[in-house]
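Only one structure is covered here, and it is reproduced in the block below.
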Amino acid sequence: MSSPTTPADPTLAADLAAAIQTVPDFPSPGVAFKDITPVLADPGLFQRTTIALAAPWRAAGITHVLAIESRGFLFGAPVAQQLGVPLVPVRKPGKLPRARVRETYALEYGTDALELHADAIGPGASVLIVDDVLATGGTAAAVVRLTERCGASVGGLAAVIELSFLPWRTALTGVRAETLVRY
Ligand code: AMP
């Protein structure tokens, strides 16, 4: 565990690492699941986490926060409020009621998809994508494609946790990413 980006709160990475539980073989054999619910259960730690997530982006020209269903909602909503920009939910298929764009992405077995309301972002928007964990990067890369299909650009990517032994960085080449805890 290390602290990539929290100079204003130097003990945050250690406090997060102490709170986050690693659950072996969940939801399937071989996966070391990072359970962030203890962070949500600690109001002070949760607040420090969302402050630190927003901090690198305060002067970055971000116009919208795109929060990825479902744990990305928990962190994306307070980040959008701190940055004073619209919150845009990126949802699993069948949840958004109006005209939408969809991107399909590969999982280890099969595919999944994410959707965005077609009028949520457009040319001139510079979005911050927010999720809890960066692993293979496939989910966030699908949101990058959704953003670009809407004519908007990706200002960056914020996540609580990065798994440095998985290839998220190569899946997101050229995207500025800021995280709080690295495993
Ligand atoms: P990926 O597309 O592989 O980068 O996976 C990112 C998504 O899957 C995020 O939305 C995470 O919530 C979830 N995820 C992937 N790996 C883990 C893990 N080890 N622990 C918890 N969540 C994970």
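The values are calculated or read from the model by the stated rules, or taken from the named source; none is laboratory data. Everything quoted here is computed from the prediction, not taken from an experiment. Methodologically, a virtual Cβ is constructed for each residue, glycine included, from the backbone with ideal geometry; neighbour enumeration extends over all protein chains shown. SASA here: full protein model, heavy atoms, side chains in, ligands and nucleic acids out. Shrake-Rupley method; radii C 1.70, N 1.55, O 1.52, S 1.80 Å.
Of the set (1) more than 18 Å from Leu157 (Cβ to Cβ); (2) touching a strand residue (DSSP E or B) at 6+ places or on another chain (Cβ under 7 Å), all apply to Gln81 but (2). In the range 136-146, the residue that is most open to solvent (accessible area, probe 1.4 Å) out of those that are among the β-branched types (Val, Ile, Thr) and in a helix (DSSP H, G or I) is Thr139.
Out of the residues in the range 73-98 meeting the condition of being over 21 Å from Arg149 (Cβ atoms) and away from the ligand (no atom under 11 Å from the Cβ), tell me which one is surrounded by the fewest Cβ atoms within 10 Å (Cβ to Cβ). Here the residue is Gly84. Identify all residues within the range 1-55 that are among the β-branched types (Val, Ile, Thr) and modelled with pLDDT under 95; write none if there are none. Within the range 1-55, Thr5, Thr6, Val31 meet the criteria.
For (1) open to solvent by 30 Å² or more (accessible area, probe 1.4 Å); (2) in contact with a Lys or Arg (Cβ under 9 Å, 6 or more places away or on another chain); (3) within 21 Å of Ala113 (Cβ to Cβ), each residue gets a yes or a no:
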position	(1), (2), (3)
Glu148	yes, no, yes
Ala152	no, no, yes
Gly156	no, yes, no
Val160	no, yes, no
Arg169	yes, no, no
Arg176	yes, no, no
Tyr183	yes, yes, no
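Here Val133 meets the list (1) more than 15 Å from the chain's Cα centre (by Cα); (2) in contact (Cβ under 8 Å) with a residue 40 or more places away in the chain; (3) open to solvent by 20 Å² or more (accessible area, probe 1.4 Å) almost entirely, failing just condition (1).
The criterion of at least 1 residues that are under 13 Å from Ala159 (Cα atoms) and open to solvent by less than 70 Å² (accessible area, probe 1.4 Å) is met by the following helices (runs of 4 or more DSSP H) wholly inside the range 1-72: 12-19, 43-54.
A residue that is open to solvent by 70 Å² or more (accessible area, probe 1.4 Å), in a loop (DSSP other than H, G, I, E, B) and within 14 Å of Thr147 (Cα to Cα) can be found somewhere in the range 99-122. Residues that are basic (Lys, Arg) and away from the ligand (no atom under 16 Å from the Cβ) within the range 113-157 comprise just one, Arg149.
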